[in-house]
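The structure appears below as structure tokens.
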């Protein structure tokens, strides 16, 4: 089943969510408006029709922008949920086919209130186009300086990964940047350190190594804290989704000096894996900020990197 969902964004950056009415599957939960494609329809045609029927607004499909595609299973029923950004429309949205509609800042939406398949869409609306990762061979003071500089340059999602430093030193780095991080509404992910992320709370999450995915049987942090995972193949992406990770990195797209023996995926294979994943995916491996457009064209949320950013 192919389903399309519209993510309406107003001038203040708020997005619209709709509550499923009584009598429907997942009644009472919230979702992004949309519905199933009818025979002969393209996703854009279907979304134009659905937004007219559900919200009473007229939209121009030429203004739509692809956000993310989410393969999902509800029991035995499988579907492909295609989310599309909508920034312009005619008319005032009304709850014609929902119990209620609300305009909310994406950061203020509790993922638990959304239908499970819609949670990755919310994650995609919150995630920025860049995900810088600290170099592996710097001191604690250098790491603080690099993170502070990245925040000043507008980066809002960062990973603290310095394998040569002990855990306590890395937590000390996080503590030093935490006030600025929270003031800016940014997020810092600690590499592998679940306990550290739990101790810091809001603004700090964890980036799981691929080896950690199968050692866990549930999401290691509450929904209010970000969980990401390093993935290299379809099985790891599926496991990250099953654990409820908010996003994954998929690597290496190109050959890198840090992993000389790893076979590069290349863009075609990356796109194949990312499109089949049930969560947003960042492209990683030999990439920098200038590769953002290419990454988006190949189904990526954005680009992640080390040397390309620092």
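The values are calculated or read from the model by the stated rules, or taken from the named source; none is laboratory data. Given the structure is predicted, the values throughout are model-derived calculations rather than measurements. No Cβ is skipped: glycine too gets one built from the backbone with ideal geometry, and neighbour counts run over all protein chains shown.
Assorted remarks:
- Residue 135 meets the conditions (1) surrounded by fewer than 17 Cβ atoms within 10 Å (Cβ to Cβ); (2) outside any loop (DSSP other than H, G, I, E, B) in every case but one. The failed one is (2).
- The condition of being touching a strand residue (DSSP E or B) at 6+ places or on another chain (Cβ under 6 Å), under 28 Å from residue 271 (Cβ atoms) and either without any contact (Cβ under 8 Å) to a residue 12 or more places away in the chain or surrounded by fewer than 18 Cβ atoms within 10 Å (Cβ to Cβ) (or both) holds for only one of 229, 235, 209, that being 209.
- Selected residue (criterion: surrounded by the fewest Cβ atoms within 10 Å (Cβ to Cβ)) from residues of the range 280-304 that are touching a helix residue (DSSP H, G or I) at 6+ places or on another chain (Cβ under 8 Å) and under 14 Å from residue 155 (Cα atoms): 302
- Selection within the range 273-299: residues that are more than 21 Å from residue 191 (Cα to Cα) and not in a helix (DSSP H, G or I). The member of this set that is farthest from the chain's Cα centre (by Cα) is 298.
- When residue 80 is tested against (1) closer than 25 Å to residue 203 by Cβ; (2) surrounded by 16 or more Cβ atoms within 10 Å (Cβ to Cβ), only condition (1) is not met.
- Of all residues in the range 22-62 being at pLDDT below 90 and surrounded by 12 or more Cβ atoms within 10 Å (Cβ to Cβ), the one that is farthest from the chain's Cα centre (by Cα): 24
- Matching option when the condition is crowded, with 18+ Cβ neighbours inside 10 Å and either farther than 30 Å from residue 293 by Cα or touching a residue at least 40 places away in the same chain (Cβ under 8 Å) (or both), among 202, 118, 141, 168: 118
- Test for residue 270: is it on the phi < 0 side of the Ramachandran plot, over 16 Å from the mean Cα position of the chain (by Cα), surrounded by 15 or more Cβ atoms within 10 Å (Cβ to Cβ) and modelled with pLDDT under 95: no
- The sole residue among 172, 205 that is outside any loop (DSSP other than H, G, I, E, B), under 24 Å from residue 124 (Cα atoms) and at pLDDT 95 or above is 205.
- Test: residue in the range 85-107 that is in contact (Cβ under 8 Å) with a residue 24 or more places away in the chain and assigned to a helix (DSSP H, G or I): yes
- From 186, 197, residue being farther than 19 Å from residue 295 by Cβ, crowded, with 19+ Cβ neighbours inside 10 Å, touching a strand residue (DSSP E or B) at 6+ places or on another chain (Cβ under 6 Å) and touching a residue at least 12 places away in the same chain (Cβ under 8 Å): 197
- Of all the residues in the range 144-166, those that are outside any loop (DSSP other than H, G, I, E, B) and out of contact with any strand residue (DSSP E or B) (no Cβ under 9 Å at 6 or more places or on another chain) number 5.
- The listed residues are 250, 243, and the only one of them that is surrounded by fewer than 23 Cβ atoms within 10 Å (Cβ to Cβ) and under 26 Å from residue 129 (Cβ atoms) turns out to be 243.
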